[in-house]
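Asks: One structure coming up, written as C-alpha cells, with questions to follow.
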Amino acid sequence: MCGLKISALLLPLALLTACSAGQGCQESGYCSSAFVKPYFGDIFSGEGLRAALQARSFRQEVILMVSDHKRIDGFLQGARSLQLLGLNHILLLSLTESECKLIRNVVPEIGCGWTTFESPEDLEGVYDLWNMRYRTVARSIRLGYNVLLLDSDVIVFDDPYKYLKHPPFKDIVVINQEEGVLAPNGGVLYVQNAAPDGPAAFMFAEIVSRPLRWADDSWAHADRLSLHKTCMYADQDAYYDVLADVVSGYMLFPKSWYCLDEVVRQDPQWLKVFEEMEKRIRFFEAFKGVEHAAPNNWRNLTGGPTMSLMTVNLRMPNCRGWPEELGGQWYPTERGRFSKELLQQLQDDCPDCPMWPDAEDASNAAAADQVPTEKFAVMPHWLGISYWRRGRQGYWNAPLTGGVAQQVIGHTHYNPIGDTNIHKYTVPMSLGLYDWDLAKKAKGNALYTACASDSCSELKVLAFSPAVEGLLGSSASWQEFAFLLRGLAQLASLLGRAVAWPSLPCHTPWVNMGRQVVKPPLELGSMWLPWTAADGQLMCMSWEAAKGDCLSQGIGLLPWERQHFQQQHLGNSSTDDATSNATDITLHALHAEQAADAGVAEAGFNLSHHVVEIHGVDDLLGLKTLSNQPILFLNTLVHVDSESLISVRRQSDAYQSLLGMCDLLNTTAMSHKYSFDSWDFASWHGLEILDGPSVKASVADRPQDLKKGKLVSRLHHTGHSRYVIKHSIKKDFSRW
C-alpha cells in the first residue's frame, strides 16, 4: 500500500505514519510525518523564521526546498520521493505571499513560507530565488538547525540520513554535490553542526552578500572595476567564488574576475591578478582524498569495500588589506542598505549568537585565523550527483541494479544537449517514478508537453503498433530510422494528431556500436536515454525526442506520456490486444546510397517488410473517419506523398515546418551525431549541426523508387475505445 503508486501529499496523516513505519527512515530515526505541522507565513523576521522551523523541522533537521506555482509539479514529485521514505520535515519557500497562497491550495499539508526582503532592481528574478535559498540556510544554521537543501528536481531513492549521520560523513559540516571537479552545486547540499559564527555560516551569508555589496553604492564601484551588474547573481558562480575564500583564508574573486569586461580581462595586470588568485586557492592541493571502509550494507552503492571522500578544511577569510596583486579592493568602502539589512537580519534572528569577524576589516585578520575550521566534503557520486554524471549510465535504473537503485539522492539537473526543462520530468518518467496524479493536481488537464499551454482533453495521438515498433530495432542506421519516423510524422500532421515517438532496443547495433549495454555503467554515450520497458527489455530513446521542437504545440508525446495517455483511454480492462488481428506488411530497407538506383535492394537485417506509400486524397478521407478516436495505432510503415494532397496543404505545410525544427526527423545532419565513435559530448559539441539541421529535408529527398501501393483503411474495434489502422495493399510488381 505504501509503494510508489501512492501520492504521499494526498495521504492522511495516519497512513503517512503507517508508511513511514515500513520505510528506511526507521533505521536513521528521522521518520517525521507524524511530527510536523503546516506553516504559512512571512519568514523575513526572526520570529517568522523560528515559527516556520518549529513547525516544519524534526530533531533540529529541516529540508529546504523552493518553488513557485508554475513549477509546483517538480516540487510535488521531489517531495513525494522524500515522503515515501517517511521524511516529511520539508519547509517549502516561495518568493511572494501571492505565490504562496496559490501553492498552499495545492499542498495545504505543507504550506509555504515567503520573505519580504527587497532586492536591488538589477538583480530581480533569478537572483531572488538564490538569495532566498542561501539566506535561509545561513539564518537556519545560526539558529542551530541542520539543513538539507534540495532543488525541486531531485529524486530521493533512499533515506540520506542513514549515511549522513554515519562515519565518515557524521563529522563533515558541509557536504555538497559536485558540479564539476571540486566545483560545488547547490542542488544537493547538507549542513550539520555548523557554528553560528563559523566559516560555513559565513560562506552561505557571503554567497548572498557578494552581489549586494556591489549594489550597495548603485554599482559605482563595480563600474570602476568594469564588472557587469549581474555578476555573481547565479548561485553556483557565487558559491565557487566564496568557496575559494574559505579554503584560502583570503577574500578572493576568481569567478568574479570573469565578470570583468573582456578587454579589461586581457590586460596583463588583470591576467596576473587571476594567476595570483589561483596560487592562493590551491584547490587540488587543499582537498585531500581519503579511502574509507564501506559498511557491508553500503557496498551495493559504493561498488566495493572502500569509498573515497574528498575533504578540505574551511577557514574564516579576511581581506588582509586588499592586496593589489589580488585586484585591490573589490568592494565599495562602505556598506549600503542591502548588505546592512542582511547582516542585521542575521543578528536579529539570534541576538545571543556571536558573529564572525568582519572579513572586510583587515584588522580582523588575526581573529579570523583563530576561528575554528570546519570540514567540507564533496559528495561521493553514489550519495548525490546529477543524472548526466551517473544516472544515464544506468545506476538509477532499479531493474538493472538488482531491484534497488545504486543512488541515494539523484538530481536531474540539466541536459547539455537537450531541453533542460523537459529533461527534468523526462528522467523520473523514464524511471517509472513520475506520479501522474500529482502532475494532474499541479497542471490540471495540461499534462503533456504537447498541450502544456492548453487542455489535453482534445489531444489525439498516432502511434506505431507494438509489432511495427518492434521492427524499428532492425533498422540499419540513424538515417533509416529517421526516414521511417518521417512517415509516422507525415501521417500525424495530415490527420492533426500528435506523434507518439518510439524508442529502440538498446541492443540495436547502430545504437550501441558494440559497446556494453547489459549493466551499469552503460556505454551508450550522450545521445540516448536508457529505460526499462514492462517486459524487462532495455530501451533507448533519442534525446532529440525530448525537445520542445519535437513535442510542443501538439507535435509529439514521449513514450511514457503515450503510455499514460493510452491508459486514460483504455479503462481498466487490458484483456484485448488491439493488434492481435493485425496483418503483416512487407517492408524494404531504405539506404541513402540506393535512393537513385532503379530499385531498392532487399534488406539483409531482418526488415523483411515493405513501406507502403499513401497517395491521393481518398486515402486520407478514409482515415479521417477515425478522427474521434483518441489514439490510433498504425500497423504499417508508411510514406505520404503529401505533394499530391492539395486539399490538405495547410497540414502538409505543418509537416514541412516540423522537418525544419525537429532534428529527430533529420535523415542527414543527425547521422553525423550518431556516427561518432568517441562517445564524448565534447567531441562534437562545436559542430554546426548543433544549431539546427544542416540539411533542410523535404519530401523530395525520399527514395523515388519506393514501391507504390494503395492504402485502404479498415476500422477494427477492440472493445476499449482503441483502434488500429489495418491495411491491404494492391500490389504492383510491374516496376520490379
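Asks: Please state which of the following conditions Tyr258 fails to meet, knowing it meets all the rest: (1) more than 30 Å from Gly391 (Cβ to Cβ); (2) open to solvent by 70 Å² or more (accessible area, probe 1.4 Å).
Replies: The single condition Tyr258 does not satisfy is (1).
Asks: Restricting the search to region 125-151, which residues are at pLDDT 95 or above and either hydroxyl-bearing (Ser, Thr, Tyr) or over 30 Å from Leu343 (Cβ atoms) (or both)?
Replies: Listed by number, the residues that qualify are Tyr134, Thr136, Ser140, Tyr145.
Asks: Further question on the same structure: With respect to Tyr414, determine if the residue is within 16 Å of the chain's Cα centre (by Cα), open to solvent by 20 Å² or more (accessible area, probe 1.4 Å) and more than 20 Å from Thr532 (Cβ to Cβ).
Replies: Yes: the conditions hold for Tyr414.
Asks: Within region 493-530, count every residue that is outside any loop (DSSP other than H, G, I, E, B) and either touching a Phe, Trp or Tyr at 6+ places or on another chain (Cβ under 8 Å) or in contact (Cβ under 8 Å) with a residue 12 or more places away in the chain (or both).
Replies: The number of residues fulfilling the criteria is 14.
Asks: Exactly one condition in (1) closer than 19 Å to Asp653 by Cα; (2) surrounded by fewer than 24 Cβ atoms within 10 Å (Cβ to Cβ); (3) modelled with pLDDT of 90 or more is not met by Ala498; state its number.
Replies: Of (1) closer than 19 Å to Asp653 by Cα; (2) surrounded by fewer than 24 Cβ atoms within 10 Å (Cβ to Cβ); (3) modelled with pLDDT of 90 or more, only one is false for Ala498: (2).
Asks: For residues that are within 17 Å of Cys540 (Cα to Cα) and among the small types (Gly, Ala, Ser), tally how many sit in region 468-500.
Replies: 8
Asks: Could you go through region 342-356 and let me know if any residue there is crowded, with 19+ Cβ neighbours inside 10 Å, part of a loop (DSSP other than H, G, I, E, B) and either modelled with pLDDT of 95 or more or in contact with a His (Cβ under 7 Å, 6 or more places away or on another chain) (or both).
Replies: yes
Asks: Which is under 18 Å from Leu664 (Cα atoms), over 23 Å from the mean Cα position of the chain (by Cα) and small (Gly, Ala, Ser), of Gly473, Gly402?
Replies: The match here is Gly473.
Asks: Could you tell me whether region 301-313 includes any residue that is surrounded by fewer than 21 Cβ atoms within 10 Å (Cβ to Cβ), in a helix (DSSP H, G or I) and under 31 Å from the mean Cα position of the chain (by Cα)?
Replies: yes
Asks: Check Asp361, Asp369 and return the single one that is touching a Cys at 6+ places or on another chain (Cβ under 8 Å), open to solvent by 20 Å² or more (accessible area, probe 1.4 Å) and under 29 Å from Glu275 (Cα atoms).
Replies: Unique residue meeting the criteria: Asp361.
Asks: Before we move on, is Ser209 among the hydroxyl-bearing types (Ser, Thr, Tyr), within 22 Å of Met316 (Cβ to Cβ) and out of contact with any strand residue (DSSP E or B) (no Cβ under 6 Å at 6 or more places or on another chain)?
Replies: When the stated conditions are applied, Ser209 passes them.
Asks: Does at least one position in region 133-150 carry a residue that is within 22 Å of Thr420 (Cβ to Cβ), among the hydrophobic types (A, V, I, L, M, F, W, C) and touching a residue at least 12 places away in the same chain (Cβ under 8 Å)?
Replies: Yes, region 133-150 has at least one match.
Asks: List every residue pair whose Cβ atoms sit under 7 Å apart, with the two residues 6 or more apart in sequence or on different chains, where the first one lies in region 38-59 and is closer than 14 Å to Ile90 by Cα and touching a residue at least 60 places away in the same chain (Cβ under 8 Å) and the second, anywhere, is among the basic types (Lys, Arg) and not in a strand (DSSP E or B).
Replies: Tyr39/Arg56; Phe40/Arg104; Leu49/Arg139
Asks: Quick check on Met251: is it surrounded by 21 or more Cβ atoms within 10 Å (Cβ to Cβ), touching a helix residue (DSSP H, G or I) at 6+ places or on another chain (Cβ under 8 Å) and at positive phi?
Replies: Spelling it out, it is not the case that Met251 is surrounded by 21 or more Cβ atoms within 10 Å (Cβ to Cβ), touching a helix residue (DSSP H, G or I) at 6+ places or on another chain (Cβ under 8 Å) and at positive phi.
Asks: Considering only region 254-278, state which residues are more than 21 Å from Pro199 (Cα to Cα), in contact with a helix residue (DSSP H, G or I) (Cβ under 8 Å, 6 or more places away or on another chain) and of a type outside the set (Val, Ile, Thr).
Replies: Within region 254-278, Trp257, Tyr258, Leu260, Arg265, Trp270, Leu271, Lys272, Phe274, Glu276 meet the criteria.
Asks: Filter region 531-565 for residues that are assigned to a strand (DSSP E or B) and open to solvent by 10 Å² or more (accessible area, probe 1.4 Å) and give the result.
Replies: Hits for region 531-565 are Trp531, Thr532, Leu538, Met539.
Asks: Tell me, which strands (runs of 3 or more DSSP E) lie completely within region 374-470 with 3 or more residues that are at pLDDT 95 or above?
Replies: Passing ranges, in order: 374-378, 384-386, 409-411.
The values are calculated or read from the model by the stated rules, or taken from the named source; none is laboratory data. Source: prediction; values computed, not measured. In this analysis, Cβ positions are derived from the backbone assuming ideal geometry, glycine residues included, and neighbour counts consider all displayed protein chains. Side chains included, ligands, DNA and RNA excluded: accessible areas come from the protein's heavy atoms. Shrake-Rupley method; radii C 1.70, N 1.55, O 1.52, S 1.80 Å.
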